[in-house]
Structures are given as structure tokens and as C-alpha cells.
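What follows is a set of notes on a single structure, which appears directly below.
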Amino acid sequence: SAVISQKPSRDICQRGTSLTIQCQVDSQVTMMFWYRQQPGQSLTLIATANQGSEATYESGFVIDKFPISRPNLTFSTLTVSNMSPEDSSIYLCSVPAAGPKAGGYTFGSGTRLTVV
Amino acid sequence: GDSVTQMEGPVTLSEEAFLTINCTYTATGYPSLFWYVQYPGEGLQLLLKATKADDKGSNKGFEATYRKETTSFHLEKGSVQVSDSAVYFCALSSSGGSNYKLTFGKGTLLTVNP
């Protein structure tokens, strides 16, 4: 199955600044997904990123706050803009799995963001 | 819309005890069902899956059966180990069209004591 390299693994940021998270996949994938996991909570889908088109955002998430780039079939970035302490979460990217895990999804190791 | 209701924890067991974590779902069509595990300090890993009714997913001694009649996908293990301590998430992916996103339950923290 696909292997995802996500970075940074963690960061502490000042409020009002922005952070860009990168995900690199070792194979070409059509769809990539970005999730947020707030402290003690489950994962919530932020947006779906398809190469060559604008990302599709879920209810409650907007492009101005979470701009996404998808320049090719192996790479995507998520930016958390104008951060506030409420943005402190783990952010994960995900792609559909292939091989034995087909039908499942592979996740990056996550970016633990703390906003102070 | 799709939803997953998962037994909330935390769950604390002694080593070699029997584990059940309940999961029920609401979805249109015929979803695929998953259990993911998140070990302390690590990312999310697929534990097992089932893609159609009556399928049984299994891995590392864990099992779950896709029960369409009760819309359930309960996770079981006959004898837990300390190394099974983690957060377990039940999830579904609706079939059809291009909607492959995962909908997660809230997660269940399992602690296994020696």
C-alpha cells in the first residue's frame, strides 16, 4: 500500500501566523484527504483534494482558512491560516490504500499543531 | 447523512480478558466498514475491514463481522495484551459515486493492565 511522508511532525506556532503541512505519497493517487483531530476527539474531514481541480471542503471548513494545493498526483499541502488556539489539533492526510488493504485508507503520521 | 456510533470509553481490562467494543452505523447504500487503531504517539493504522454484509474482518487476533440487519460492526478480541492499549476508531466509507470519504466514530480508549 501507499506510503505517506507527512511533515512537519509537530510545531508550536504563534497566533495570527500560518503553517503549511506537506504530504508526499510514494505512488500516484487521484484523491487525497485532509483530516483534523482535535484533542480527545475523533477525526473530521476538512477537504478532499483532487489533482487539477479545486479542493472540495466539508461543512464548517473554508478555503480562506485552510487553503489546499494539489500540484501533482503525489503531493499536497494544507495551510492553516491566521491561527488561533482553537486550531490546536493533529492534522492528517490520507489516501485510498492499494494492495492487501484495498478498500481501506492509508494515513500520514500526522502533524501535531499547538497554537500559543 | 452518514454516522457512526461507537461505545465510548475509556475501557480498562486486565491482560487476557475478552474485549468487545460496540459500533453501529447509519448510512445510505452499502458502506464499507473499518476499524482503525491509534497507538500512543503514532498515526492511524487500518486494523481490519469488511466490504459487504456478513464479511468478517480479522487481524492480530481482532475480529469484526459486518451485520447489515443490525447495522453493526462490533470489534472483539478473545485475549487482550498490554500492547493492545490504544484508541480504536470505527469508521465507514459510503459506496457509490466519488464519495469515498471516511466517517469516524468518536474513538474508544483501551487500556490493558498486566
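The values are calculated or read from the model by the stated rules, or taken from the named source; none is laboratory data. The shown structure was predicted, so the numbers you read here are calculated from the model rather than taken from an experiment. Here the Cβ is made from the backbone with ideal geometry for all residues, glycine too, and neighbour counts use every protein chain on show. Note: areas computed on protein heavy atoms with side chains; ligands, DNA, RNA excluded. Shrake-Rupley method; radii C 1.70, N 1.55, O 1.52, S 1.80 Å.
Some notes on this structure:
- Where chymotrypsin sites (Phe, Trp or Tyr not before Pro) fall in DSSP loop in region B:15-59, at most 11 other Cβ within 10 Å: B:F18
- Take each residue of peptide B:14-25, count the partner chain Cβ atoms within 10 Å of its Cβ, and average: the result is 0.
- Each residue, B:L13 and B:T28, gets one label point 7 Å from its Cα in the Cβ direction; the gap between the two is 3.7 nm.
- Virtual spin-label span in nm between A:S9 and B:S58, 7 Å along Cα→Cβ: 3.5 nm
- Relative packing of B:84-93, A:22-31, which averages over residues the other C-beta atoms within 10 Å, highest first: B:84-93, A:22-31
- Ranking by accessible area, most exposed first, for A:S88, A:S1 with a 1.4 Å probe: A:S1, A:S88
- Sparsely packed loop sites in region B:45-114 (the GluC sites (Glu not before Pro) outside DSSP H, G, I, E and B with at most 10 other Cβ atoms within 10 Å) comprise B:E69.
- Label-to-label distance, A:E58 versus A:T20, with points set 7 angstrom from Cα along the beta-carbon direction: 2.5 nm.
- With every protein chain in place, chain A: carbon and sulfur % of accessible area (1.4 Å): 49 percent
- In the full protein context, chain A carries 47 Å² of accessible surface per residue, based on a 1.4 Å probe and ignoring ligands, DNA and RNA.
- The residues neighbouring A:W34, those whose beta-carbon lies less than 13 Å from its own, together hold a net charge of +3 under the Lys/Arg +1, Asp/Glu -1 convention.
- Those residues of region B:41-59 for which accessible area with every protein chain present is at least 40 Å² below the isolated value (1.4 Å probe): B:L44, B:L46, B:K49
- The A and B chains share an interface that buries close to 1400 Å² of accessible area, total over both sides, probe 1.4 Å.
- Taking every lysine pair in chain B that is 8 or more places apart or spans two chains, those with Cα atoms closer than 16 Å amount to 8.
- Of all accessible heavy-atom area on chain B, the percent that carbon and sulfur account for (1.4 Å): 47 percent
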